[in-house]
Amino acid sequence: MNLTLKVWRQKNANDKGHFESFPVSDVSKDMSFPEMFDVLNERLINEGKEPIAFDHDCREGICGMCSMYINGRAHGPWDETTTCQLHMRAYNDGDTITVEPWRAGAFPVIKDLAVDRRSFDRIIEAGGYISVNTGNAVDANAIPINKTDADAAFAAAACIGCGACVAACKNSSAMLFVSAKVSQLALLPQGHPERKERALNMVAQMDKEGFGSCTNTGACEAECPKGISLTNIARLNREFIGAGFSKED
């Protein structure tokens with residue numbers, strides 16, 4: 001296939017930025033989206049030009065690094081698919097593809113398509129952990145857990161922290177991400193010791209980072225590559241309100 005890429009170029013967070021068009025030829029339908037960018041960058045480097053900066057790591061749909069806004073959708077046109085799992089057979093010969101970085105004040109642009117998502121790390125540091133014995137790991141079945149709760153915790157833990165929920169939300173809210181991290185621990189007995197502080201501290205840090213409020217439009221769930229459910233946001237609200245009522249002065 002022969003394609004035209006309309007890519008956002010931005011030197012740093014303070015640069016105004018602009019779109020730049022690049023023709024890309026001989027694209028195989030079996031290439032992943034980042035592989036197609038590799039081909040383009042190799043050509044740019046050989047021509048003595050600046051390659052396009054973009055985040056990537058595992059390229060297996062696990063790490064959440066491949067954050068691209070493609071033709072108006074986070075991670076592209078396929079549902080529950082990361083950018084690295086998006087293949088070029090999703091497009092036709094002659095297509096023009098517009099690629100942008102995540103657009104959120106809490107995700108400042110580092111360069112081109114790469115954004116700074118350390119705000120997510122700071123939210124996790126605020127409460128996304130449990131008290132543990134640092135000795136030998138206990139047996140997996142040492143604490144009996146109801147299967148319904150275990151399944152719900154596992155589904156929440158599938159969140160890879162890519163930030164698609166923030167990018168898709170008109171308010172740039174991080175509620176789906178925070179609720180998934182709170183839910184996976186709140187549902188399990190191991191997470192109960194810090195349960196109240198976790199909800200209060202992580203929400204406080206989320207607000208401090210400048211993420212917007214949730215208005216339940218559902219764009220976050222629709223664009224999440226791991227299909228994280230909005231029910232986690234309802235659970236986070238219950239955890240947060242309950243913790244506030246029972247918080248000792």
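Brief remarks follow.
- Two-site label geometry, Ala222 and Glu80: point separation in nm, points 7 Å out along Cα→Cβ: 1.7
- Two-decimal ratio, segment 1-145, of alpha-carbon radius of gyration to 2.2 N^0.38 Å: 1.30
- At a probe radius of 1.4 angstrom, the accessible area of the chain per residue rounds to 52 square angstrom.
- Three-way shape call for segment 98-196 based on the alpha-carbon gyration tensor, with the a/c threshold at 1.5: prolate
- Anisotropy class assigned to segment 9-71 is oblate, per the alpha carbon gyration tensor with a/c at or over the 1.5 cut-off and a/b no larger than b/c.
- Cα shape, segment 188-249, gyration tensor, a/c 1.5 rule: prolate
- Contact order normalised by residue count of the chain, Cα under 8 Å, 6+ apart, percent: 20
- Added length on full extension, which subtracts the Cα-Cα distance from 0.36 nm per residue, Ala142 to Ile124: 3.9 nm
- For the chain, the longest principal axis of the C-alpha atoms and the axis of helix 33-46 are separated by about 50°.
- When Rg and the Kirkwood Rh are both derived from Cα coordinates, the Rg/Rh ratio for the chain amounts to 1.03.
- Largest to smallest accessible area among His87, His18 [probe 1.4 Å]: His18, His87
- The orientation-averaged projected area of the convex hull spanned by the Cα atoms of segment 41-103 comes to 5.2 nm².
- Across the accessible surface of segment 134-173, with the other protein chains kept in place and a 1.4 Å probe, carbon and sulfur atoms take up 55 percent.
The values are calculated or read from the model by the stated rules, or taken from the named source; none is laboratory data. Source: prediction; values computed, not measured. Here the Cβ is made from the backbone with ideal geometry for all residues, glycine too, and neighbour counts use every protein chain on show. Just the protein is used for accessible areas: all its heavy atoms, side chains included, with ligands, DNA and RNA removed. Shrake-Rupley method; radii C 1.70, N 1.55, O 1.52, S 1.80 Å.
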